[in-house]
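Just so it is clear, none of the values below were taken in a lab; they were calculated from the coordinates. From a predicted model like this one, the values you see are computed outputs, not experimental measurements. Cβ atoms come from the backbone with ideal geometry, glycine included; neighbour counts cover every protein chain shown.
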Amino acid sequence: MEPHPPPEVEDASRTPLPSPEHHRDLDSVFIGPHGLRVGWSILLFAALYYLFREIIATFFYVAGLIHDTPPDPPAPSRSLNSSRFSRSSPPP
């Protein structure tokens with residue numbers, strides 16, 4: 001019996017590697033190579049901050065820890081035409 005030659009194996013260094021496919025789906029908009037993208041993380045922080053601020057303020061209001069007070073009346077306005085600045089009277 002004659003020995004059979006070993007099957008030919010292709011050299012791995014000669015075969016071209018498949019090119020990575022770039023998927024442009026919704027995940028690539030929100031998530032980059034290092035996780036959540038910076039702009040989205042800032043937007044998420046701001047949204048959660050204002051949401052939790054409103055929720056906590058509602059709890060404090062319902063518990064009676066804070067009261068809804070009317071705003072202060074506007075300060076009286078001083079116009080430049082007051083008697084103090086009038087040119088018709090001589091200075092004291």
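Could you give me the ³J(HN,Hα) list for the range 64-75, computed from phi with Karplus coefficients 6.51, -1.76, 1.60 and θ = phi - 60°, whole Hz, x at Gly and Pro?
Here the 3J(HN,Hα) series is x, 7, 10, 10, 7, 9, x, x, 5, x, x, 5 Hz.
Given the peptides 41-47, 70-76, arrange them by the average over their residues of other C-beta atoms within 10 Å, most packed first.
Values: 41-47: 10.7, 70-76: 5.6.
Ranking, from highest mean packing down: 41-47, 70-76.
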